[in-house]
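Asks: Here you go, one structure.
The values are calculated or read from the model by the stated rules, or taken from the named source; none is laboratory data. What you see is a predicted model, and the numbers here were worked out from it, not measured in a lab. Quick reminder, even Gly has a Cβ in these numbers, built from the backbone with ideal geometry, and neighbours come from all protein chains shown. Side chains are part of the model used for accessible areas, which takes the heavy atoms of the whole protein and leaves out ligands, DNA and RNA. Shrake-Rupley method; radii C 1.70, N 1.55, O 1.52, S 1.80 Å.
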Amino acid sequence: MDLARETYLFLDCQTTGLSPQRSELLEIGWSFSFAPEEVHTRLLKPQSTDISKAVWKVTGLKPEDVSEGHDPAEVWKELLAMANRHAVKSAVIHYSQFELPFLKALHGRVQGEDTLPWEVVCTCRVAQRVHPGLPARTLRALSGRFGFALPEAHRSLSHIQATQKIWESLIVDLKCQGIETWERFQTWSALKPEKRSKKTKSHLTPRETRLALPGGPGVYEFFARDSRLLYVGKATSLRSRVNSYYTQRHTKRGRMNEMMTQAADIRVTETATALEAALLENDKIKSLLPPYNTALRGQASKPFYIGFDLIGTSSLRNADFPWGPFSHTHTFESLQQLVAIQKVDVAAIEIAWLVYEPAEIKEALEQFLSDRGVGFDDLKPSDLYRLGKRLTDPPPEDEIQASIQRKLLRSVRHVHLARWRCWLTQSRVWWQLPSGKWRFIEMRDGLVHGAGEEAQITRFERPRGSPYKLQIDRTTYDRIRILMTELLIIAKKWPVCVQVSPTRAIRMEAGTLPEWLKPLPGAPKESIEESADDLEDAGQA
């Protein structure tokens, strides 16, 4: 009979682990046709309640979803009865190497047999022979290649639908090789596969398309055959970077290989410089959320601000929380621990966090402050921060005191970087190109307001008001962070200049560190009221 007219049992199961001896079935799905709407699924009630959070995360299920689940044996009996009515001879499973041990174990408990009553077709193995050059043969990779967008959650319904699509497409590919009937397929399956060159690649994107890409900087986007966006990246040379995905050997980077199996189209946006490409990449990833981007995609962690005590935090900047933005909650842990040790606040001291005994640290801290004319009683984090701003001494010989000084300087550095993030949100940044010309981008409220070369320059007008009043979200925070990183790369070879007002600009010569990375704090001298001794003045700046 024609392969496309056979009656198949499409099977899938979701489990709590990798081994049937130590794990259980959570869900079973099946279908007897190629119709995606004719899929049966049953949630199963596990015996164990000790199921890892990773399982709930990957399946999208919750413990209460399966608490009233079906008995696995009853579900398997239901499936066997339906398979008998459909006179099924073969079951189609993707990556049967994983699924079969679980299904055989369940069948053995119900029927007392250690083999399934159907011949099993593994779509993963068939794809390996039909398309030996594919970078990946996972369910997501193959279904995406054949036009089915598999949802993120691992559930039997979508996995059965993906397996239907894969097998339907493979049947067409087999027919092109003269394998049209079930008998021919069985004969072909029994033959030893021909050896293929490891260099043989099978990509959907035409070679001519990627070779015709421009050689300059920009942003590239990979799309699946159904026009789904897969990935966004940046490049200093679009042609070279994009072609590297197709010419490199298949690596152990599973997600990247999975993405390249599906990639059918490439679209690029040229930019004048690599810096502008990096900023555009961030904005595209944040707005489009491509599934194969991870580094810049996350929106969960928001920048936060701290109060005058350098302890309390808020996701919004206001008069009580003026300092920031910061991305790590442990920014001022060192200061908080030193204050806790000074006050002998046992509940606040994290012993595991300390290298030395609290008593030793307290004695060293008292001596360290005494040598610098700072009172020890009623010490506050703000006192330590103000001291850290003034530290220009070489590290003390005493190891504990040297550690205290490093912690103070680290906290000062975090605040220093946060100040520069604020100033760069309202600035004009210049840098020299290899051609000798200068290029600029102008930032307004953390957004790229304009860009051009020196011939297009106009007077820079910084918006009124303090840059410390701007609410900075994750997208803006990452945009400014990327800008600072790219300027650091440029400054290794070319001069950089940051203009923060019509009359004030900070020039950094080639080969020097940008102002925000210098050992001692520095910032545009104009309007830096927060450089005053009192933190209260900083909150009003």
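Asks: Quickly run through segment 60-92 and pick out the residues that are out of contact with any Ser or Thr (no Cβ under 9 Å at 6 or more places or on another chain), polar (S, T, N, Q) and closer than 28 Å to residue 4 by Cα.
Replies: 84, the sole residue that qualifies.
Asks: Quick check on segment 471-478. Is at least one of its residues touching a residue at least 24 places away in the same chain (Cβ under 8 Å), open to solvent by less than 50 Å² (accessible area, probe 1.4 Å) and closer than 15 Å to residue 275 by Cβ?
Replies: Yes: one or more hits.
Asks: Go through the residues of segment 396-410 one by one and say whether even a single one is surrounded by fewer than 13 Cβ atoms within 10 Å (Cβ to Cβ), free of Cβ contacts under 8 Å to residues at least 60 places away in the same chain and small (Gly, Ala, Ser).
Replies: Within segment 396-410, none of the residues are surrounded by fewer than 13 Cβ atoms within 10 Å (Cβ to Cβ), free of Cβ contacts under 8 Å to residues at least 60 places away in the same chain and small (Gly, Ala, Ser).
Asks: Same structure again: State all residues of segment 107-127 that are free of Cβ contacts under 8 Å to residues at least 40 places away in the same chain and either part of a helix (DSSP H, G or I) or aromatic (Phe, Trp, Tyr) (or both); if no residue qualifies, say none.
Replies: Residues satisfying the conditions are 107, 108, 109, 110, 111, 124, 125.
Asks: Next question, about the same structure. Which of the residues spanning segment 477-512 are in a strand (DSSP E or B), of a type in the set (A, V, I, L, M, F, W, C) and touching a Phe, Trp or Tyr at 6+ places or on another chain (Cβ under 7 Å)?
Replies: Within segment 477-512, 496, 497 meet the criteria.
Asks: Could you list, in sequence order, the residues of segment 455-470 that are part of a helix (DSSP H, G or I) and either open to solvent by 50 Å² or more (accessible area, probe 1.4 Å) or in contact with a Ser or Thr (Cβ under 6 Å, 6 or more places away or on another chain) (or both)?
Replies: The answer is 455, 456, 467, 469.
Asks: If a residue must be farther than 24 Å from residue 83 by Cβ and either open to solvent by less than 20 Å² (accessible area, probe 1.4 Å) or in contact with a strand residue (DSSP E or B) (Cβ under 9 Å, 6 or more places away or on another chain) (or both), how many such residues does segment 20-31 contain?
Replies: Number of matching residues: 1.
Asks: I would also like to ask the following. Where residues in segment 129-148 are of a type in the set (A, V, I, L, M) and under 15 Å from residue 168 (Cα atoms), which of them is surrounded by the fewest Cβ atoms within 10 Å (Cβ to Cβ)?
Replies: Going through the qualifying residues, I end up with 130.
Asks: When you check residue 126 against the structure, is it open to solvent by less than 20 Å² (accessible area, probe 1.4 Å), over 18 Å from residue 13 (Cα atoms) and at pLDDT 95 or above, yes or no?
Replies: Considered against the rule, which asks whether it is open to solvent by less than 20 Å² (accessible area, probe 1.4 Å), over 18 Å from residue 13 (Cα atoms) and at pLDDT 95 or above, residue 126 comes out as yes.
Asks: Quick test of your reading of the structure: residue 13 fulfils all but one of (1) modelled with pLDDT of 95 or more; (2) open to solvent by 20 Å² or more (accessible area, probe 1.4 Å). Name the failing condition by number.
Replies: (2)
Asks: If you don't mind, another one. I'm told residue 310 meets every condition in (1) open to solvent by 20 Å² or more (accessible area, probe 1.4 Å); (2) more than 25 Å from residue 488 (Cβ to Cβ); (3) aliphatic (A, V, I, L, M) except one. Can you identify the failing condition by its number?
Replies: (1)
Asks: Moving on. List the strands (runs of 3 or more DSSP E) that sit entirely inside segment 1-106 and contain at least 3 residues that are in contact (Cβ under 8 Å) with a residue 60 or more places away in the chain.
Replies: Those strands (runs of 3 or more DSSP E) span 8-15, 25-31, 90-93.
Asks: Just to be sure, is residue 263 among the hydrophobic types (A, V, I, L, M, F, W, C), under 20 Å from the mean Cα position of the chain (by Cα), within 23 Å of residue 434 (Cα to Cα) and surrounded by 18 or more Cβ atoms within 10 Å (Cβ to Cβ)?
Replies: Against the criterion (among the hydrophobic types (A, V, I, L, M, F, W, C), under 20 Å from the mean Cα position of the chain (by Cα), within 23 Å of residue 434 (Cα to Cα) and surrounded by 18 or more Cβ atoms within 10 Å (Cβ to Cβ)), residue 263 does not qualify.
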